[in-house]
Amino acid sequence: LWFRSRTNSALACHAQLSITACLRTVAMATSLCESMRDGTILPDGTISVSGLVDEACVAMPPRQDAEDVDARDADTPDKWIKRHKDMVRLTGRHPFNSEPPLRTLQEAGWVTPPSIHVVRNHGAVPQLSWENHRLKITGVPRPCELSMDDLASGRVGAVVSIPVTFICAGNRRKEQNMTKKTIGFNWGCAAVGNSVWTGVRLCDVLAYVGVERQSREHRFVCFEGPEGELPQGETGSYGTSIDMGWALDRERDVLLAFKQNGEALTPDHGAPLRTLLPGCIGGRMIKWLCRMWVSAEPSKNHYHFFDNRVLPPHVDAQLAQDEGWWF
């Protein structure tokens, strides 16, 4: 009986390992066989988008880029960024937290030009270059630093283009604040946009560095922007994390993105590299991505806990602090 039990356990373990190996092989084969969709705008003004079923193209709208720096930015740390003059500034001149007039958003059509796409900035926009930027990845079997050319070349994983509807958690918060005041500012109803985002799937990047399944040591993927970017938190960076199951799910299309609507990301939208999480609020995406690591614990970043929390109606900011609701 002991021998039979041990044998059955061993066979079950072997079967589980075989299934896992098969799933890994299928995922890797899918990545290798997937056609490159690098966000190139075709002669007819469309972008070929990724999909495992049908070929599809999405028409790109005319760009509405500003030609000059807005006078409101002239004496701020963002004085080097050109912004659309019609964007509605919700927190004064700086930092730039802005949505387009609703009519402007509607008239742009189904795909939103980057210049009138909702922007949420907690501070000054960092000046990062494609040529010098590196993504540092740790907590994995094969830690590394990836250049932007590494990611864009397809060596790390297939470059894909995915149309995604993006929404800020604060969309229509003005109406919430009229009912009961929150600690957030008054977003209208245009803090939403559609774009085609181009990049590499997070699951392919994780496979590249040796993480292909969840384990006790590999339960969360953490992300952070530049250190010293913001006034709060130990490092002054904006960070968050997602569950490994979400990160490894190929059908969730989690991206490390470097293009929006066929063009390199603009500074306000995270140039040169950002995360893009379809189905998540904007506050769970990291612009100007600098660090990524895999951990047994979720992110301890200040903004992961104190930004965009949804608490029961009776819990205000003071009660949340006194009773430890944030953690």
### Task
Tally the residues that are in contact with a strand residue (DSSP E or B) (Cβ under 9 Å, 6 or more places away or on another chain) and in a loop (DSSP other than H, G, I, E, B), restricting the search to segment 170-197.
8
### In segment 302-319, residue surrounded by the fewest Cβ atoms within 10 Å (Cβ to Cβ) [restricted to those that are within 23 Å of the chain's Cα centre (by Cα) and among the charged types (D, E, K, R)]
ARG309
### Query
From VAL160, VAL88, which residue is in contact (Cβ under 8 Å) with a residue 60 or more places away in the chain and open to solvent by less than 10 Å² (accessible area, probe 1.4 Å)?
VAL160
### Message
For a quick check of your reading of the model, give me the residue pairs whose first member lies in segment 61-74 and is touching a residue at least 24 places away in the same chain (Cβ under 8 Å), whose second is open to solvent by 60 Å² or more (accessible area, probe 1.4 Å) and part of a loop (DSSP other than H, G, I, E, B), with beta-carbon atoms closer than 6 Å and at least 6 apart or on different chains.
### Response
ALA66/LYS82
### Conditions (1) surrounded by fewer than 21 Cβ atoms within 10 Å (Cβ to Cβ); (2) closer than 26 Å to VAL58 by Cα; (3) modelled with pLDDT under 95; number of the one not met by ARG155
(3)
### Query
Conditions: (1) at positive phi; (2) open to solvent by 40 Å² or more (accessible area, probe 1.4 Å). ASN261 meets all but one. Number of the miss?
(2)
### Summary
For segment 145-156, pairs from a residue that is hydroxyl-bearing (Ser, Thr, Tyr) to a residue that is at pLDDT 95 or above, with Cβ under 7 Å and 6 or more apart or across chains, are SER147/ARG134
### Residues (at pLDDT below 90 and crowded, with 16+ Cβ neighbours inside 10 Å) located in segment 215-244
GLU229, LEU230, GLY233, THR235, SER237, TYR238
### Query
If you go through segment 155-169, how many residues are closer than 23 Å to PRO113 by Cα and touching a strand residue (DSSP E or B) at 6+ places or on another chain (Cβ under 7 Å)?
10
### Summary
Output for Cβ contacts, cut-off 8 Å, separation at least six or different chains, first residue at positive phi in segment 107-125, second of a type outside the set (S, T, N, Q), reads GLY109/PRO61
### Summary
The condition of being under 21 Å from the mean Cα position of the chain (by Cα) and exposed (fewer than 15 other Cβ atoms within 10 Å of the Cβ) holds, among THR179, THR165, only for THR165
### Query
Which condition does PRO126 not pass, out of (1) surrounded by fewer than 21 Cβ atoms within 10 Å (Cβ to Cβ); (2) of a type outside the set (Lys, Arg); (3) farther than 21 Å from GLY239 by Cβ, if it passes all the others?
(3)
### Task
Among residues belonging to segment 195-210 that are within 14 Å of the chain's Cα centre (by Cα) and open to solvent by 10 Å² or more (accessible area, probe 1.4 Å), point out the one that is nearest to LEU90 (Cα to Cα).
ARG201
### Task
Those residues that are in contact (Cβ under 8 Å) with a residue 24 or more places away in the chain, out of contact with any Asp or Glu (no Cβ under 9 Å at 6 or more places or on another chain) and not in a strand (DSSP E or B), I need them from segment 91-106; list them, please.
THR91, LEU102
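The values are calculated or read from the model by the stated rules, or taken from the named source; none is laboratory data. Not measured: the values here are computed from a predicted model. Cβ sites come from the backbone with ideal geometry, for glycine too, and all protein chains shown count toward neighbours. Each accessible area value is taken on the protein alone, full model and side chains, heavy atoms only, with ligands, DNA and RNA left out. Shrake-Rupley method; radii C 1.70, N 1.55, O 1.52, S 1.80 Å.
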